[in-house]
Amino acid sequence: MTDLANHPGVHAPMFRPGVYPSDLTTRVTTERGLTLQMRPIRPDDADILNQFHAQLSPDSVFRRYFSVHPELSASELVHLTTVDYVDRLAFIIIDRGVLVAVGRYDRDPQTTRAEVAFLVDDAFQHQGLGILLLDHLADAAWARGITTFVAETQADNRSMMHVFRESGFEVTARLEDEIILVHFPIEPTESSRARRAERARRWATSREAALR
């Protein structure tokens, strides 16, 4: 594992825990041409996060939490919306005031490794929101001294594995008790940059074709 002290992101620039990174707010365009807002989560997003969770299908909830979890408790909402923006960071994607996707990383204490997870509203799946979240999470995490993402997903969750493979990072996966354990370095590489550029070109071509 990379020594935290030797990671360039630790030294330039330093990030202050608890300071909202407004510079990470941006507009993103889906594969189908829909423009949405992406920004870091805030504690006052508890209501829209709760509404987002309530409208998810049972299958989507199960794939995220590995259990039947129809409601988020008050303590869960506080935990999920209150992050320090350094060791814990979450992005939300919003369509006209409605939360439609969320992605987050949580650093393992005193390491350069973080667990990554994301969840997309059923109506917005298969439009590229998962890979957009992963791209932005990886960029932010790398700048904050994180070098590796890890994740767990169910063995039949092909969509999640497609997102990881689509990133261009060198993904390693192994199966344990019907759960796929994934890990991959998030340092930007020629491959990851090329994959991101190729994806942008492909999406632009798809959007242009749809307008004809």
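The values are calculated or read from the model by the stated rules, or taken from the named source; none is laboratory data. This one's a predicted model, so the numbers in the text were calculated from it and none came from an experiment. In this analysis, Cβ positions are derived from the backbone assuming ideal geometry, glycine residues included, and neighbour counts consider all displayed protein chains.
Among the residues of the range 187-210, those that are hydrophobic (A, V, I, L, M, F, W, C) and within 19 Å of HIS162 (Cβ to Cβ) comprise ALA194, ALA197, ALA200, TRP203.
Is it true that HIS126 is more than 23 Å from VAL86 (Cβ to Cβ), touching an Asp or Glu at 6+ places or on another chain (Cβ under 9 Å) and modelled with pLDDT under 95? Steps first, please.
Numbers: more than 23 Å from VAL86 (Cβ to Cβ): yes; touching an Asp or Glu at 6+ places or on another chain (Cβ under 9 Å): yes; modelled with pLDDT under 95: yes.
So HIS126 passes the test.
In the set (1) at pLDDT 90 or above; (2) farther than 20 Å from TRP142 by Cα; (3) out of contact with any helix residue (DSSP H, G or I) (no Cβ under 7 Å at 6 or more places or on another chain); (4) surrounded by 10 or more Cβ atoms within 10 Å (Cβ to Cβ), THR35 fails one condition alone, (4).
Quick grid of which residues meet (1) under 20 Å from ASP139 (Cα atoms); (2) free of Cβ contacts under 8 Å to residues at least 12 places away in the same chain:
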residue: THR25; (1), (2): yes, no
residue: GLN55; (1), (2): no, no
residue: ARG63; (1), (2): no, no
residue: HIS79; (1), (2): no, yes
residue: ILE93; (1), (2): yes, no
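Listed here are the helices (runs of 4 or more DSSP H) enclosed by the range 127-212 that have at least 1 residues being within 13 Å of the chain's Cα centre (by Cα): 129-143, 158-166. Selection of the range 38-90 for residues being surrounded by fewer than 12 Cβ atoms within 10 Å (Cβ to Cβ), charged (D, E, K, R) and outside any loop (DSSP other than H, G, I, E, B) yields ASP44, ASP47, ASP59.
Scanning the range 164-212 for residues that are closer than 15 Å to ALA138 by Cβ and touching a strand residue (DSSP E or B) at 6+ places or on another chain (Cβ under 8 Å) yields PHE164, SER167, PHE169, GLU170, VAL171, VAL182, HIS183, PHE184, PRO185, ILE186.
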